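All remarks here apply to the structure that follows.
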Amino acid sequence: MTHPTGPISYAKEQKVAIAAVLKASLLAQKVQNELIGSGGVEKKDKSPVTVADYTCQALVSSLLFSHFPKDQIVGEEDSSELNTPANAQTKTHIMRLANEAMAEVLEGQDESEQAWKEVKSVQRGEKEWMEIIDRGNSTGGKQGRHWALDPIDGTKGFLRGGQYAVCLGLLLDGQVVVGVMGCPNLPVDPKNPDGEKGVLFIAVKGEGAYQRSLTDPTLQRITMSTLPSLSSASFCESVEAGHSDHSTNARIASILGITKPSVRMDSQAKYCSIARGDGDIYLRLPVSDTYEEKIWDHSSGSLLVTEAGGVVSDMNGKPLDFSLGRTLKGNKGVVAAHKDVHAKVIEAVLKAVEEGKQ
């Protein structure tokens, strides 16, 4: 699909995406505070994150459909899990929270509040909310407009009171053009980790990367750190060993001369952290030959890092291909780093992987 009139402005898409992720992030904060508290919950009890996951998907899908009814949504969740007798109470809770959130005013956020005015007065019933959640069933692809949505990325981080993210990316003909992420537990100022928490990260293709707090719509430009040498870099890795190959990561650090301990955190908050210079290199190396990364796990984050001065590829240096459906089936692993050092990081990755085969 060509656009002969030249560059496309995504002002409305950006505004709506910010409004959607903002309200979902505030809802996720509320659920975590009410149902989990500061001590976390038992791992086997996933009900709080289930409530947050589905309610956030319902809110975001509702707003997207109101403003862009022809757009497709590639969402992580569908309502099948909820439509069982065992989850009747959870489903009722989700509907109540969604209707309450729709009615809440976003104080001091006039632009986002305006985006919600078309839909917030509508109180929906069970059938409508389940249909809204199921709008996320698109298979994606290389043509048209698709929103990739992960309503709660980093469920274990959410449960333990750590990092998680609400992630939304707009793909046009398989290319990510808008990305918005909400990180409710990330400090607004990385130099003040005990200060205000809750950050939105925003990127539009060709227009740079920005952050703002959940309470103040003022945008602040962010860029990746420029490194005096690769040995001064720090890795940003998954907390869970099952998400990335930590042992190979350690070997890569050794090859590059990196001695700083890795920063471990859940979710796409890792993309956000390196985009604003908290860390430098994000590695997600496959722990299985058959695993395919999901597009909603990387669409918004990869655009953010790119617009902040980085390069995001798979472990072989290939660009991530978001045009193949719901997964990155054409790629293996993910490597994100500043554009000046990305090629050297890829060299180290391939060397470490080859050594691991011997």
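Numerical summary
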{"read-out": "Single residue of the stretch 287-310 satisfying the filter (surrounded by fewer than 23 Cβ atoms within 10 Å (Cβ to Cβ) and in a loop (DSSP other than H, G, I, E, B)) that is nearest to the chain's Cα centre (by Cα)", "value": "293"}
{"read-out": "Any hit, the stretch 158-170, residues being buried (at least 20 other Cβ atoms within 10 Å of the Cβ), polar (S, T, N, Q) and in contact with a Lys or Arg (Cβ under 6 Å, 6 or more places away or on another chain)", "value": "no"}
{"read-out": "When residues of the stretch 239-251 are limited to those that are modelled with pLDDT under 90 and closer than 21 Å to residue 347 by Cα, the one surrounded by the most Cβ atoms within 10 Å (Cβ to Cβ)", "value": "245"}
{"read-out": "Number of the exception - residue 100 against (1) part of a helix (DSSP H, G or I); (2) touching a helix residue (DSSP H, G or I) at 6+ places or on another chain (Cβ under 8 Å)", "value": "(2)"}
{"read-out": "Condition broken by residue 354, with the remaining ones in (1) farther than 11 Å from residue 252 by Cβ; (2) in contact (Cβ under 8 Å) with a residue 12 or more places away in the chain satisfied", "value": "(2)"}
{"read-out": "Counted residues, the stretch 5-42 - those being outside any loop (DSSP other than H, G, I, E, B), at pLDDT below 95 and more than 18 Å from the chain's Cα centre (by Cα)", "value": "6"}
{"read-out": "Residue list for the stretch 70-87, restricted to those being closer than 18 Å to residue 49 by Cβ and loosely packed, with under 14 Cβ neighbours inside 10 Å", "value": "80, 84, 86"}
{"read-out": "So residue 271, is it of a type in the set (Ser, Thr, Tyr) and either in contact with a strand residue (DSSP E or B) (Cβ under 8 Å, 6 or more places away or on another chain) or at positive phi (or both)", "value": "yes"}
{"read-out": "Options 115, 52, 148, 101; residue that is crowded, with 22+ Cβ neighbours inside 10 Å, farther than 30 Å from residue 324 by Cα and touching a residue at least 60 places away in the same chain (Cβ under 8 Å)", "value": "115"}
{"read-out": "Number of the exception - residue 231 against (1) modelled with pLDDT under 95; (2) in a helix (DSSP H, G or I); (3) out of contact with any Gly (no Cβ under 6 Å at 6 or more places or on another chain)", "value": "(3)"}
{"read-out": "The one condition in (1) crowded, with 20+ Cβ neighbours inside 10 Å; (2) free of Cβ contacts under 8 Å to residues at least 60 places away in the same chain that residue 96 fails to fulfil", "value": "(1)"}
{"read-out": "Residue, nearest to residue 296 (Cα to Cα), within the stretch 143-155, restricted to residues that are in contact with an Asp or Glu (Cβ under 6 Å, 6 or more places away or on another chain) and either modelled with pLDDT under 95 or basic (Lys, Arg) (or both)", "value": "154"}
{"read-out": "Total residues in the stretch 318-340, condition free of Cβ contacts under 8 Å to residues at least 60 places away in the same chain, more than 23 Å from residue 280 (Cα to Cα) and more than 17 Å from the chain's Cα centre (by Cα)", "value": "2"}
{"read-out": "Only listed residue being among the small types (Gly, Ala, Ser) and crowded, with 23+ Cβ neighbours inside 10 Å, chosen from 313, 267, 254", "value": "267"}
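Residues are listed down the side, and each one gets a yes or a no for (1) part of a loop (DSSP other than H, G, I, E, B); (2) over 23 Å from residue 80 (Cα atoms):
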residue	(1), (2)
105	yes, yes
124	yes, no
128	no, no
143	yes, yes
148	no, no
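The values are calculated or read from the model by the stated rules, or taken from the named source; none is laboratory data. What you see is a predicted model; the values in this text were computed from it and never measured. Cβ: placed from backbone, ideal geometry, glycine included. Neighbour counts: every protein chain shown.
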